[in-house]
Amino acid sequence: MTSAMKMVAAAKLRKAQQAIFEIKPYSNKLNNILSEMLASFTDEVRNPYFENRKTENVLIIVNTSNRGLCGSFNSSVEKMVLSVVEKYKNNGVKIENISFYAFGKKGYEALIRRKFNVLNKSFDVFDNLTFENISKFAKTFSDLFLDKKFDKIEIVYNSFKNAANQELVCETLLPVAKKVSDNKSYRDFIYEPNFEDLINTLLPRTIAMTLFKTLLDSNASEHGARMTAMHKATDNAGDLLKQLTISYNKARQAAITKEILEIVGGAAALGG
């Protein structure tokens, strides 16, 4: 059974891995365009998406899986969430002002178990991971930030490295960080229709792309973690089977020897 689960996870991993490889060039180019534009007008940018406010209300987006049997994939996210909460508490943020949004059933159950304030949840997001679907969630988070209901929105997830390794990440979704490019060759461009309209178009797309990429990373990491966990489980089951086979053979041999001794003893007694 574990061997079959490993093969299923491997098949899903290839598809999820391909999705990440396809989206990264677009994501990187989008971030480059934004940083090049900020390099041209770094002193003129006044946009609410960049607004750094005093952190009093925080929303933490937690990305986990809907199912277990994937090693420490979910438990490590839970530990990271606890460390992030502790960080905010040490900085003077009240625990009642820290809210959570759960992508994945396991994360939601962990948050409820610890009696955290869960704003909302989504379990079926991984069934249809498309940019259009994730953009709706990104708009919801953006509206919460722009309406000043939250001063900071962060995402805790597993970043995909390879099938055997995932890196825990806590990434800030909002406010958007001003990453200014050092490339001076772009600073003489003329932007049409104008800089403000382009920034207002790029920023929501950049936020949606960041959220989309984190969910793709989490999805691929889950399948990689499950494949690795099932591989180890299959190996452990094989070792256990060998040990049980040896124990069974020893017990069987002892039983046969005992029966032979009883037959020989009985025959000797009759002969006497």
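If the condition is being open to solvent by less than 50 Å² (accessible area, probe 1.4 Å) and over 15 Å from the mean Cα position of the chain (by Cα), then region 205-226 contributes Thr206, Ile207, Ala208, Met209.
Selection over region 1-41 of residues that are touching a His at 6+ places or on another chain (Cβ under 6 Å), within 14 Å of His231 (Cβ to Cβ) and either without any contact (Cβ under 8 Å) to a residue 40 or more places away in the chain or open to solvent by less than 30 Å² (accessible area, probe 1.4 Å) (or both) gives a count of 2.
Exactly one residue out of Ser72, Ser35 is of a type in the set (Ser, Thr, Tyr) and closer than 30 Å to Ala233 by Cα, and it is Ser72. Give the number of residues within region 135-175 that are open to solvent by less than 20 Å² (accessible area, probe 1.4 Å) and small (Gly, Ala, Ser). Of the residues in that region, 3 qualify.
The values are calculated or read from the model by the stated rules, or taken from the named source; none is laboratory data. Predicted model, so just to flag it, every value in this text is computed and none were measured. Note that we place each Cβ from the backbone using ideal geometry, even for glycine, and neighbour counts take in every protein chain shown. To get the accessible areas, we keep the full protein, side chains included, count just its heavy atoms, and leave off ligands, DNA and RNA. Shrake-Rupley method; radii C 1.70, N 1.55, O 1.52, S 1.80 Å.
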